[in-house]
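Each remark here refers to the structure printed beneath this line.
The values are calculated or read from the model by the stated rules, or taken from the named source; none is laboratory data. Please read all numbers here as calculations on a predicted model, not as lab measurements. Cβ placement follows ideal geometry from the backbone for every residue including glycine, while neighbour counts extend to all protein chains displayed.
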Amino acid sequence: MNDLVWFFDGETMEREFLLKRDGKSNRFDMLRCRQGLASSIYAPPLAWFLALAGLIQTIIKLA
């Protein structure tokens with residue numbers, strides 16, 4: 001995969017889609033978010049706590 005290329009042409013996208021549809025290795029499966037480990041589904045308990053606290057604070061302000 002060449003990171004210097006910032007676009008994908010239609011033919012490449014179609015071929016990769018067909019490979020993904022058929023369950024074969026493709027470029028879509030290689031893509032990862034490069035910022036802040038956002039591709040992982042694990043969130044530390046502190047992050048969940050802070051998000052919940054912010055939500056509760058917002059609800060209290062609206063009431």
Quiz item: Among all residue pairs at least 6 apart or on different chains, which show Cβ distances below 6 Å where the first residue, located in the stretch 2-13, is within 16 Å of N26 (Cα to Cα) and the second is at pLDDT 85 or above and in a loop (DSSP other than H, G, I, E, B)?
Solution: none
Exercise. Give the stretch 5-48 a look and list any residue that's over 19 Å from the mean Cα position of the chain (by Cα), modelled with pLDDT of 90 or more and surrounded by 10 or more Cβ atoms within 10 Å (Cβ to Cβ), or say none.
Key: E14, R15, L18, L19, K24
